[in-house]
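For reference, the structure discussed in these notes is given below.
Any read-out appearing in this document is the output of simple, stated calculations on the displayed coordinates, not a laboratory observation. In this text the structure is predicted, and so the values were computed from the model without any measurement. So basically every Cβ, Gly included, is an ideal-geometry build from the backbone, and we count neighbours across all protein chains shown.
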Amino acid sequence: MNKTALRALLKERRELIAPEAHGLSRPTGRGRRARGLSQQQVDELTNRAVDTYNRLETGRYPNPPADYLRQVARLFGLNEQEWVSLCRYAGIGDPPGPLHPSSGLEVPGVWQEAVDGITHMAYVTDASWNLLAHNRHFAEMYPGGVPPANMMRWMLLDTSARDTILVDWREGWAPLVLPQLHAALAARRDDATLRQIEREVRADPDLGPLWEAGGAHIHPDGDERPIHHALRGAGHVSICAAQPLTAPGARLLIMIFRPGPRKSHARAPMLRART
């Protein structure tokens, strides 16, 4: 627990909230008036016993329940980055899930400009793997220059992906992509898009057995995989993966294309700060 950071975050955000916005009034009479909600009013709005919030803000509440932290975070209007910080400062580690069900389904619009500035193939998907942004280099990988609407469905179920673009799909792609669907569903059990893809995967004669078998490979960051580029022909891509901080489950993928077969070579060493 980081009591100093916890108190600073909660106090600052609590004092920004007007009690009147929640049908409450500010204390009257003599004495210093509290800015924003009082600690007692937070207890009232979260339906908790008196002094519960004071214990949290002052760091006297060890291992507070995640559902209580979520109540406070939503009341205070925290964003996803602040939600992560709140859980870490309170001593429970990373949060068990996003703060809001809609989180991960949108990213700031400047991401399109950022992706356009990348010289390699690059795209951004939301937590449901819907394509949100891409650059022209990525579109050129597809016949006709039109990328799919949902990358997970395309990689697993589209015939053009299986037969043309994703070389060695059965061994080199499907077993590595399916665990990512497992992981996405574990984080977003009620996601309608992901659930529909799961149903289609289960019904597919090639994917069904692989789905039941599971798999440990979760993240593509650093992977190298064979593809057939619509304009540049056969080659392979090195994949770099990252996540926009305000959109849990969304991802940025950068694919570095190299023509020809993958040659036997050692991968670039891990990057570490010099000591």
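Which peptide among 53-60, 180-187 comes first, and what is the full order, when sorted by highest mean count of other Cβ atoms within 10 Å?
Details: 53-60: 18.1, 180-187: 16.5.
Ranked by mean Cβ neighbours within 10 Å, highest first: 53-60, 180-187.
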query: Remind me, relative contact order of the stretch 110-174 in percent, using alpha carbon pairs under 8 angstrom and six or more residues apart?
result: 21
field: Enclosed volume per residue, in Å³, of the convex hull spanned by Cα atoms of the chain
entry: 186
- request: Report relative contact order for the stretch 3-89 in percent, whole number only (criteria: Cα-Cα under 8 Å, sequence separation at least 6).
  value: 31
query: Among P98, P244, P108, which one moves the most in a GNM of the chain with springs linking Cα atoms closer than 10 Å?
result: P108
statement: So, with points 7 Å from each Cα along the Cβ direction, the I256-T58 label distance in nm works out to 5.4
For a label point 7 Å along the Cα-to-beta-carbon line of R48, residues of the stretch 72-93 with backbone N under 19 Å: 72-80, 82-93
query: For the chain, what relative contact order do you get, as a whole percent, if you take Cα pairs closer than 8 Å and at least 6 residues apart?
result: 15
message: Quick check on the chain: helices-only [θ] at 222 nm, where DSSP H runs of length 4 and up contribute -39,500 (n - 2.57) each and the sum goes over total residues. Nearest 500, please.
response: -9500 deg cm²/dmol
statement: For the stretch 3-89, inverting the pair-averaged 1/r of distinct alpha-carbon atoms gives a Kirkwood value in Å of 13.3
statement: Checked the stretch 146-275 with the C-alpha gyration tensor, a ≥ b ≥ c its square-rooted eigenvalues, rounded below a/c of 1.5, otherwise prolate if a/b is larger than b/c and oblate if not; verdict oblate
- prompt: So how far, in whole Å, is the C-alpha centre of the stretch 31-74 from the one of the stretch 211-275?
  reply: 44
